[in-house]
Structure formats: structure tokens, C-alpha cells
Amino acid sequence: MIRVKFSALAFAAMALVAASALAALAQDEAEQPKPPRQDWTFSGMFGIYDKAQLQRGFQVYKEVCSTCHALSIPFRTLADPDGPGFTEDQVKTLAATYQVTNAEPNEKGEIFKRPATPADLIPRPEAYPNDQAAAATLGKAPPDMALLAKALKYERGFPWFVFDALPGLEYQEMGADYIHAILTGYTKPDDLQWNLYYPGHKIAMPQPITNGAVDYKDGTPPTLDNYAKDIAAFLSWAAEPNLTERKRIGLRVMIFLFVFATLLYLTKKRIWEWVH
Ligand code: HEC
């Protein structure tokens with residue numbers, strides 16, 4: 001009888017612990033919601049980047065984010081036909097509007113500035129020559145955007161973390177979803193450094209972009225949601241410019257394997273034909 005009571009008690013205690021753990025999880029989820037999944041043209045086996053979208057994303061970077069964030073990629077990559085696909089001339093003209101410090105001094109030994117060429121890296125924001133200067137003004141240094149889309153990872157919770165732990169199966173568009181979520185997550189109009197999706201909510205970046213801030217030339221509605229999608233897509237490309245090529249190769253390998261397997265099967269049938 002005592003034993004029964006004891007096990008009933010143990011059971012009740014366990015149920016209580018489990019219930020409070022679940023409640024804590026639910027509370028966590030409510031306070032720190034996961035970035036909602038977006039549709040990306042570059043997701044899935046056949047997904048590729050949308051050139052027009054990446055060009056708009058670059059415009060958002062150039063007109064807004066580049067005030068604070070570096071993007072350490074060479075100008076010439078902007079002509080990538082699998083990426084933004086700007087023409088060589090457009091890239092040359094764009095590069096020439098920036099001034100960079102020449103790597104070598106001139107014959108008088110002076111360091112000098114010159115217009116950038118497509119081979120140069122996009123220069124850092126003028127206002128912040130280094131991370132210390134940026135942190136001194138902004139409270140925290142804005143991360144370089146070249147690899148940002150790949151670096152931003154978050155826990156997706158059960159059961160997804162099982163897949164995310166396996167190389168090749170992990171959800172690839174996490175960074176893009178997160179960037180979109182951050183830009184649309186300033187939901188307290190009286191606190192421009194409160195963000196629904198930033199861990200702990202207090203973010204050093206004040207709301208950087210709102211409806212109508214960038215003037216699109218291709219008729220895409222100038223909404224915050226579109227800006228967020230376009231810059232997230234652009235930064236995904238910047239962090240992973242070889243994605244399209246990799247998928248193309250993957251597809252060819254699959255087709256090859258399929259043809260090869262069919263041939264093997266037919267050969268096997270032919271060789272063993274006489275065995276009945
Ligand atoms: C006024 C300067 C400023 C501008 C403009 C700005 N940012 Fe930031 N950004 C920051 C700072 C500072 C941080 C570091 C914030 C932190 O970790 O608290 C940051 C961090 C971020 C992060 C990382 C958040 C994280 O979880 O680590 C993303 C993503 C981001 N910015 C995107 C953008 C995009 C996209 C734009 C352009 C639309 C932009 N930022 C414009 C200052 C800026």
C-alpha cells in the first residue's frame with residue numbers, strides 16, 4: 001500500500017515537472033518567437049536567385065545599410081550572371097563613384113586615394129573606419145555583411161533541430177528568414193531599439209528602414225516587407241554566390257547516376273537472360 005502511494009506520488013511529481021517544463025517552453029516561444037519562414041526563389045533543389053530581386057537588394061544595401069555595415073566583397077562579383085548580373089559597364093561606373101586608398105604609395109612615397117575599380121573591395125562605411133569607431137558611436141559594431149546570411153543561425157526547436165544538425169539536410173534559408181524577421185520586427189513604435197526577433201529584444205541597431213525609404217525603379221511596391229525580402233535575398237547571394245552552380249552540378253550528377261543505374265540494370269538482365 002505504501003509502495004503504491006509512493007509511486008503515485010513519484011508519478012505526480014514527474015508529471016508536474018514535465019508540465020512546468022512545457023509551460024516554460026511555451027512561455028519562451030511566446031517571448032522569443034522564431035522568425036517566420038518566407039518563400040525564397042533560391043530554396044529547394046531547383047531554386048535559383050532572382051536577378052531583379054538581388055539588384056533591388058543591392059540598392060537597399062547601398063542606400064541604407066552601407067551607412068553602418070561593411071560588405072567586403074569585390075565590386076566585380078556584382079556582375080555575376082548567377083547573382084545580381086549587373087553589366088561590366090554598370091559595375092565599372094559604380095566602382096568609380098567610390099574612393100579607395102591605393103595599396104602602394106606613389107613614387108614620392110605618398111599614400112594616395114584613387115577611384116575604385118571592379119577588382120577593389122567595396123570600401124567600409126565612411127563614418128566608421130574601423131569596428132572600434134563604430135562601437136563607440138553605436139554601442140556595438142555592426143557586423144560585416146559579406147557572410148552575415150550564413151553566420152546567423154538560431155534554434156528551430158523540435159523536430160527541426162534534428163535535421164539542422166545533419167550536414168546537407170539543414171534548412172539553408174535560416175539567415176534569410178532571420179534578416180527579414182529582424183527588419184520587420186520593430187513592433188514597438190515608441191522604442192526603436194526593441195525587436196521582437198532579436199534574442200533578449202534589446203538591439204543596438206535602431207530601426208534602419210521603413211515603408212517608402214527606397215525608391216524602386218522596376219515597379220516593385222516600396223514596402224518594408226519587400227525591402228526586407230530583397231536585402232535578405234541579396235545578402236544570401238553575397239554569402240553563398242556558388243549556390244546555383246552547386247545545384248546545377250548536383251542535378252547533373254543525379255541525372256548521370258540515374259542513366260548509369262538504368263544501364264547497369266539492363267546489362268544485368270541481358271547477362272542473366274539464359275538463367276531460368
Ligand atoms: C545606424 C547604423 C545601422 C544601419 C543603417 C543598419 N544597421 Fe544593422 N546593425 C547595426 C548595429 C549597431 C548592429 C549590431 C546590433 C546588435 O547586435 O545589438 C547591427 C546588426 C544587424 C544585424 C544582425 C543582428 C544579429 O542578430 O546579430 C542584421 C541582420 C542587420 N544589422 C541588418 C541590417 C540591414 C539589412 C540594414 C539595412 C537595411 C542595416 N542593418 C542597417 C547598425 C546599423
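The values are calculated or read from the model by the stated rules, or taken from the named source; none is laboratory data. Computed from a predicted structure; not experimentally measured. Quick reminder, even Gly has a Cβ in these numbers, built from the backbone with ideal geometry, and neighbours come from all protein chains shown.
Step by step: first the residues of region 173-191, then only those that are over 15 Å from Leu224 (Cα atoms) and surrounded by fewer than 19 Cβ atoms within 10 Å (Cβ to Cβ), then the one that is nearest to the ligand (Cβ to nearest atom). Which residue is that?
Asp191
Pick from Tyr186, Tyr197: which is in contact (Cβ under 8 Å) with a residue 60 or more places away in the chain and farther than 20 Å from Leu71 by Cβ?
Values: Tyr186 fails: in contact (Cβ under 8 Å) with a residue 60 or more places away in the chain.
On inspection, the qualifying residue turns out to be Tyr197.
Give the residue, chosen from Ala136, Ala96, that is surrounded by fewer than 19 Cβ atoms within 10 Å (Cβ to Cβ), at pLDDT 95 or above, more than 27 Å from Ala176 (Cα to Cα) and in contact with a strand residue (DSSP E or B) (Cβ under 6 Å, 6 or more places away or on another chain). Steps first, answer last, please.
Numbers: Ala136 fails: in contact with a strand residue (DSSP E or B) (Cβ under 6 Å, 6 or more places away or on another chain).
Result: Ala96 is the single residue among Ala136, Ala96 that is surrounded by fewer than 19 Cβ atoms within 10 Å (Cβ to Cβ), at pLDDT 95 or above, more than 27 Å from Ala176 (Cα to Cα) and in contact with a strand residue (DSSP E or B) (Cβ under 6 Å, 6 or more places away or on another chain).
Which residue pairs have Cβ atoms under 7 Å apart, sit 6 or more places apart or on different chains, and have a first residue in region 220-236 that is outside any helix (DSSP H, G or I) and a second that is modelled with pLDDT of 95 or more and within 9 Å of the ligand (Cβ to nearest atom)?
These pairs meet every condition: Pro222/Val214.
For region 110-127, enumerate the residues that are more than 14 Å from the ligand (Cβ to nearest atom), crowded, with 16+ Cβ neighbours inside 10 Å and either of a type in the set (Gly, Ala, Ser) or closer than 22 Å to Leu183 by Cα (or both).
Hit for region 110-127 is Ala116, nothing else.
Scan region 194-211 residue by residue and report those that are within 8 Å of the ligand (Cβ to nearest atom), in a loop (DSSP other than H, G, I, E, B) and surrounded by fewer than 16 Cβ atoms within 10 Å (Cβ to Cβ).
Pro199, Ala204, Pro206, listed by residue number.
Given the conditions (1) within 16 Å of the ligand (Cβ to nearest atom); (2) in contact (Cβ under 8 Å) with a residue 12 or more places away in the chain; (3) not hydrophobic (A, V, I, L, M, F, W, C), and given that Asn130 satisfies all but one, which numbered condition is not satisfied?
(2)
For region 49-83, give me each residue that is more than 16 Å from the ligand (Cβ to nearest atom) and closer than 20 Å to Ala213 by Cβ.
Across region 49-83, the qualifying residue is only Ala52.
Among Ala95, Ala103, Ala141, which is without any contact (Cβ under 8 Å) to a residue 60 or more places away in the chain and not in a loop (DSSP other than H, G, I, E, B)?
On inspection, the qualifying residue turns out to be Ala95.
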